[in-house]
Amino acid sequence: MRFRQGTWRAAEQQSPFHNGAYDVRLRAGTEDRIDFRAGAWVSASSEIVEWRGLELKGISQSKSARQAMDAYRAASQDTHGAAMEAALFLARRGVSLNFRSDAYHFYLVANAIDRARLATVDTEWIERYAVRHRSTVAVEQRKADAFFDQRGGRPRIG
């Protein structure tokens, strides 16, 4: 995946979804790079006016990713890798476009296909989503289960 510098977002309206270092604009008019961890800025949070992170290049081009997801079949091991990459792309696309429900769904699909490849930061986002949206992992998991039910089940892991 290739990334580009994202757009500036107002700190009072939205916080990042992923842990990591972000470019920030401070009240004093200067720019800095500050870490965001566990749902909070590591330092100077009251001074942050805007922030930006990295976005996927070609974020609006999701047709091939959706086709890879549609091609997933539990019995066809050769469809698993492409579906995993597509699910991660679509999840991150959902996060960057603020489509949280879509992002959560695709993260759960990616997690079920290959948990070991799902980055820690992505796993943390899945857990925070349920809390932020007054949902539970179980309720949202049923949505991901429907994806697999329509495609012959989950892959066998281990």
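How do the pairs read when you match residues in the range 137-154 that are closer than 9 Å to R73 by Cα and in contact (Cβ under 8 Å) with a residue 40 or more places away in the chain with residues anywhere that are hydroxyl-bearing (S, T, Y) and open to solvent by less than 40 Å² (accessible area, probe 1.4 Å), using Cβ under 6 Å and keeping only pairs 6 or more apart or on different chains?
Note: pairs meeting the criteria are R151/Y72.
List pairs: first in the range 21-42 and more than 13 Å from G53 (Cβ to Cβ) and without any contact (Cβ under 8 Å) to a residue 24 or more places away in the chain, second charged (D, E, K, R) and surrounded by 12 or more Cβ atoms within 10 Å (Cβ to Cβ), Cβ under 7 Å, 6+ apart or cross-chain?
Close Cβ pairs (under 7 Å, with a partner that is charged (D, E, K, R) and surrounded by 12 or more Cβ atoms within 10 Å (Cβ to Cβ)) amount to L26/D32; L26/E47; R27/E47; E31/D23; E31/R25; V42/D35.
Restrict the check to the range 51-64 and report whether at least one residue is over 20 Å from R100 (Cβ atoms) and among the hydrophobic types (A, V, I, L, M, F, W, C). Step through it out loud before you land on a result.
So in the range 51-64, the residues over 20 Å from R100 (Cβ atoms) come out as 57-58, 61, 63-64.
Retained after the next criterion (residues that are among the hydrophobic types (A, V, I, L, M, F, W, C)): none.
The answer is no, given that none of the residues of the range 51-64 is over 20 Å from R100 (Cβ atoms) and among the hydrophobic types (A, V, I, L, M, F, W, C).
Select from the range 1-27 the residues that are in a strand (DSSP E or B) and not hydrophobic (A, V, I, L, M, F, W, C) and write down the one among them that is farthest from S45 (Cα to Cα).
If we take residues in the range 1-27 being in a strand (DSSP E or B) and not hydrophobic (A, V, I, L, M, F, W, C), then R4 is farthest from S45 (Cα to Cα).
Quickly run through the range 13-51 and pick out the residues that are among the polar types (S, T, N, Q), closer than 26 Å to R93 by Cβ and open to solvent by less than 80 Å² (accessible area, probe 1.4 Å).
Going through the range 13-51, the residues among the polar types (S, T, N, Q) turn out to be 13-15, 19, 30, 43, 45-46.
Within this subset, residues satisfying the condition of being closer than 26 Å to R93 by Cβ are 13-15, 19.
Matches in the range 13-51: Q14, S15, N19.
The values are calculated or read from the model by the stated rules, or taken from the named source; none is laboratory data. No experiment lies behind these values; they were computed from the predicted model shown. Here the Cβ is made from the backbone with ideal geometry for all residues, glycine too, and neighbour counts use every protein chain on show. Ligands, DNA and RNA are stripped out before the accessible areas are found, and what is left, the full protein with its side chains, is counted by its heavy atoms. Shrake-Rupley method; radii C 1.70, N 1.55, O 1.52, S 1.80 Å.
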